Amino acid sequence: MNLDTSDISDKPKEACGVIAIVADKDVSPYIYYGLRALQHRGQEASGIATYKGELKVKKGPGLVADVFKSEDMEKLPGKVGIGHVYYSIKVSKPENAQPQFLRTGVGDIAIAHNGILVNSQQLVDKLKKAGKHFIHESEEEAVIMMLADEIRSIDDIPRAIKNVCKELIGSYAFSLMINDRAFVLRDPYGIRPLCLGKFKDGSGYVAASESVALDIVGADFVRDVMPGEAVELTKDGFKSHNIGPAMSRAHCFFEWVYFARADSIIDKVSVYEARKRIGWRLAKESPVIADVVMPIPDSGRGHAYGFSLGSGIKMNEGLMKNRYIHRTFIMPNQDARDISVREKVNPVRAVVEGKRVVIVDDSIVRGTTMKRIVKMLREGGATEVHVRIGSPPLIAPCYLGIDMTDRDQFIASDRSIEDIREVINSDSLAYISVDGLVEALNMERDDLCLGCVSSEYPVNIPGERRRFQKTLEGFV
Ligand code: SF4
């Protein structure tokens, strides 16, 4: 039986969240709550690894609350630990749950990864050629093996990490445990987020994909991990190590637009405020005469509020979400699929009837859900339905850790905005411009990855154009 884990819309999925804690107390309950705060980043599997004289790991398919019972915390003792919530971009297999670990000659090594290594296959092939035997053939296992070899040869963990990172191409935010030492590291472009915090009671230090996890476990935000930085967490503080050459940054813009929780702050930019500014800018770029602005719950809420402020049109909740739908069966026919969307989100007739409605959402991938929502609003009595989108049109795959790997999945890859408007049957449709987005994020354009809206990527991807590339491939 197939299961569809999609949100109310056909949105891309984030690929994982990580956490690491070192403290003067057992850390597994804190990792548990930190992972729950990061659950939006991955719902397929969850895992915790801790160390107390030996490595203990528990992981499995499902949400954090499904995988762990309170008695599991006693089976995960120790003052150092890492955790992971998982969403698979490649093939989803239960054994791919993380943290992945190996008991090596230099110690027990466990790793949790958010991101994708573009050269993972080459790394695996090279290690296999050198006689290594894989259990999962995963990029995480490859990193552990490389790390163990480096530690064995130079006996200096930070230098070993640096040497291994030289071999990695792609996006990574790792939390890593080598016996009782914990490190977190971020790729030289800072593609995926990672931040550091300190427990308010002074008992230790935390690192996590998003600051919301620090809030929940009772830690104060200290700073973001810098691109190209490895940080060793100890109960007394952080030790920073440079692991990569200074590159221009390439923070994934989609973290602010859609993936991250609105109450997180990433690379000094509040996710909620960024969404609000995007909506405001959208209202200025593509004004519309209407009676009510409505968000598509939940991720479109900040954008819609900003649009309301920018346009002067009142915002109202005209779409109600059923919060208790996590999984639905993939429906066999169109009629059943319409039911499945209505089950997840339903219009409030009192808000919609007789009104010219603007709906604001963060992005459109295939357009199928947006089409159904427009239809639903018309059936609910809306006289006009206008659609405003808080990202530029998605036109190209993501190779760096987000589940948008197929160019054909994007409605905008080969259609004009007018063609898309016709497909979703709205009265008007507008996306924020790239310039508008960059301004709303309060960042430099060159500090962002915009690969999926520009087809230009921060790292070398075979067959794709590199960001800042001035010449055609092979043409000097
Ligand atoms: S390609 Fe798009 S989704 Fe992927 S990292 Fe870059 S901005 Fe983010």
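Where does helix 368-379 land angle-wise versus the long Cα axis of the chain, in degrees 0 to 90, nearest 10?
Helix 368-379 and the main axis of the chain meet at about 30 degrees.
By DSSP, what percent of the beta bridges with both residues in the chain are antiparallel, rounded to the nearest 5?
If we restrict to bridges inside the chain, about 80 percent are antiparallel.
Taking the dipole about the Cα centre of the chain, with the C-beta of Lys and Arg at +1 and of Asp and Glu at -1, give me whichever of 135, 304, 206 is farthest to the positive side.
Value: 304.
Calculated from DSSP H runs of 4 or more alone, at -39500 (n - 2.57) each and per residue, what is the 222 nm mean residue ellipticity of the chain, nearest 500?
Rounded to the nearest 500, it is -7500 deg cm²/dmol.
Count charges around residue 203 for me, please; just the other residues with Cβ under 10 Å from its Cβ, Lys/Arg as +1, Asp/Glu as -1.
+3
Let me cross-check residue 140: its accessible surface, 1.4 Å probe, with only protein heavy atoms counted, in Å² to the nearest 10?
My reading of the accessible area for residue 140 is about 20 Å².
Please work out how much length the chain gains when fully extended from residue 125 to residue 433, using 0.36 nm per residue of separation minus the C-alpha to C-alpha distance, in nm with one decimal.
My answer for the length gained is 106.7 nm.
Probe 1.4 Å, all protein chains in place: accessible area of residue 95 in Å², nearest 10?
Solvent-accessible area, nearest 10 Å²: 90 Å².
Let's see if you can work this out: charge +1 on each Lys and Arg Cβ, -1 on each Asp and Glu Cβ, no other charges. What is the dipole magnitude of the range 270-448 about its Cα centre, in debye to the nearest 20?
The calculation lands at about 660 debye.
What's the local net charge at residue 384, with K and R +1, D and E -1, over the other residues with C-beta under 12 Å away?
Here the charged neighbours net out to +1.
Quote the Stokes-Einstein diffusion coefficient, in whole µm² s⁻¹, for the range 245-288, based on the Kirkwood radius over alpha carbon pairs, a temperature of 20 °C and a viscosity of 1.002 mPa s.
184
Tilt of helix 271-285 relative to the longest C-alpha principal axis of the chain, in degrees (0 to 90, nearest 10)?
Here the helix axis deviates by roughly 30 degrees.
At R0 = 30 Å, how high is the FRET efficiency between residue 54 and residue 442 if r is their beta carbon distance? Nearest 0.05 is fine.
Using R0 = 30 Å, I get an efficiency of 0.05.
On the principal axes of its Cα set, how long, how wide and how thick is the chain? Give whole Å, largest value first.
Principal-axis extents of the chain (Cα, largest first): 71, 62, 44 Å.
If you put +1 on each Lys and Arg Cβ and -1 on each Asp and Glu Cβ, how big is the dipole of the chain around its Cα centre, in Debye rounded to 20?
Rounded to the nearest 20 debye, it is 280 debye.
Suppose the chain between residue 406 and residue 425 were pulled fully straight at 0.36 nm per residue; how much longer would it get relative to their current alpha carbon spacing?
Length gained between residue 406 and residue 425: 4.4 nm.
Give me the angle, in degrees from 0 to 90, between the Cα long axis of helix 139-154 and the longest principal axis of the Cα atoms of the chain, rounded to the nearest 10.
So the helix axis and the longest Cα principal axis differ by about 30 degrees.
Per residue, how big is the convex hull of the range 270-448 when only Cα atoms are used? Give it in Å³.
Expressed per residue, the convex hull around the Cα atoms of the range 270-448 is 128 Å³.
Using Cα pairs under 8 angstrom and six or more residues apart, how large is the relative contact order of the range 15-121, in percent?
Once divided by the residue count of the range 15-121, the mean separation gives 34 percent.
Can you tell me how the range 3-252 classifies by the Cα gyration tensor, rounded, prolate or oblate, using a/c under 1.5 as the rounded cut?
rounded
Give a quick list of trypsin sites (Lys or Arg not before Pro) in the range 260-321 that DSSP marks as loop, anything other than H, G, I, E or B, with at most 14 other Cβ atoms within 10 Å.
Those that pass, being in a loop and sparsely packed, are 268, 314.
Out of the DSSP beta bridges found with both residues in the range 270-448, what percent are antiparallel (nearest 5)?
15
Determine the relative contact order of the chain: mean sequence separation of Cα pairs under 8 Å and six or more apart, normalised by residue count, in whole percent.
With pairs under 8 Å counted, the relative contact order is 14 percent.
The values are calculated or read from the model by the stated rules, or taken from the named source; none is laboratory data. No experiment lies behind these values; they were computed from the predicted model shown. All Cβ positions, even for glycine, are placed from backbone atoms using ideal geometry, and neighbour counts span all protein chains on display. Accessible surface areas use protein heavy atoms only, side chains included; no ligands, DNA or RNA. Shrake-Rupley method; radii C 1.70, N 1.55, O 1.52, S 1.80 Å.
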